[in-house]
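Worksheet: the structure to be examined is printed underneath.
The values are calculated or read from the model by the stated rules, or taken from the named source; none is laboratory data. Here the structure is a predicted model, which is why all the values come from computation and not from measurement. With ideal geometry, Cβ positions are generated from the backbone for all residues, glycine too; neighbour counts draw on all protein chains shown.
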Amino acid sequence: MIRHIFTLILACMVSVAIAQDNKKLQDAFTASYTHEYNLDYKKAIDVLKAEYGSGSYELNLRLGWLYYLNGDFSVSVDYYQKAVTSAPGAIEARFGVVYPLSALNKWDDVAKQYEEILKVDPNQVTANYRIGLINYNKGNFTKAKPYFDKYLWHYILLIMMLTTWLHGTT
């Protein structure tokens, strides 16, 4: 019986500690967004770095974005890559990392990120369009065509659905 009480007390103490950490993290994110709104990216970064610890997907994703806005493209890539590593099936970090990679003119790495996005979601419209565009701009028209076809097919289906819906509501 005492063992169960001890376990319950310990669980409550851990819950309180986690809640306090979550509150601090929420406050840090709130302050970070405020600083970003005021275009003070350094302060937006600093309030998150104070809570960083080992980092999380969300922290790494946010820091990747803020370092990008601050013009620190290589550091931005590092944080986005940490986010990708921590959640390989999520596409947000992959979409984020293409901005600093583009700024660094690393187009092969940008294309690789879009390919990875398409492995998770083969019909992702933006990724299909952008990788098609990268290939088109390189003169790889044959390689660009399947991506543009998927991109256009998405909009053809959308127009067909909207037309059907509009005719059905009149």
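Residues are listed down the side, and each one gets a yes or a no for (1) among the aromatic types (F, W, Y); (2) outside the structural domain of N128 (by TED's automatic domain parsing); (3) closer than 28 Å to Y136 by Cβ:
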{"residue": "D72", "(1), (2), (3)": "no, yes, no"}
{"residue": "Y80", "(1), (2), (3)": "yes, yes, yes"}
{"residue": "A87", "(1), (2), (3)": "no, yes, no"}
{"residue": "I91", "(1), (2), (3)": "no, yes, yes"}
{"residue": "F95", "(1), (2), (3)": "yes, yes, yes"}
{"residue": "P100", "(1), (2), (3)": "no, yes, yes"}
{"residue": "D108", "(1), (2), (3)": "no, yes, yes"}
### Task
Answer yes or no: is there a residue in the stretch 84-95 that is crowded, with 22+ Cβ neighbours inside 10 Å, in contact with a helix residue (DSSP H, G or I) (Cβ under 9 Å, 6 or more places away or on another chain), hydroxyl-bearing (S, T, Y) and assigned to a helix (DSSP H, G or I).
no
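Matching residues to (1) in contact with a His (Cβ under 9 Å, 6 or more places away or on another chain); (2) closer than 27 Å to V75 by Cα; (3) assigned to a helix (DSSP H, G or I); (4) among the hydrophobic types (A, V, I, L, M, F, W, C):
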| residue | (1), (2), (3), (4) |
| --- | --- |
| P100 | no, yes, yes, no |
| D109 | no, yes, yes, no |
| N123 | yes, no, no, no |
| A144 | no, no, yes, yes |
| Y151 | no, no, yes, no |
| L162 | no, no, yes, yes |
### Query
What residue, among those in the stretch 38-84 that are modelled with pLDDT of 95 or more and polar (S, T, N, Q), is farthest from F95 (Cα to Cα)?
N38
#### Entry: Residue count, the stretch 123-139 (criterion: exposed (fewer than 13 other Cβ atoms within 10 Å of the Cβ), on the phi < 0 side of the Ramachandran plot and without any contact (Cβ under 8 Å) to a residue 24 or more places away in the chain)
1
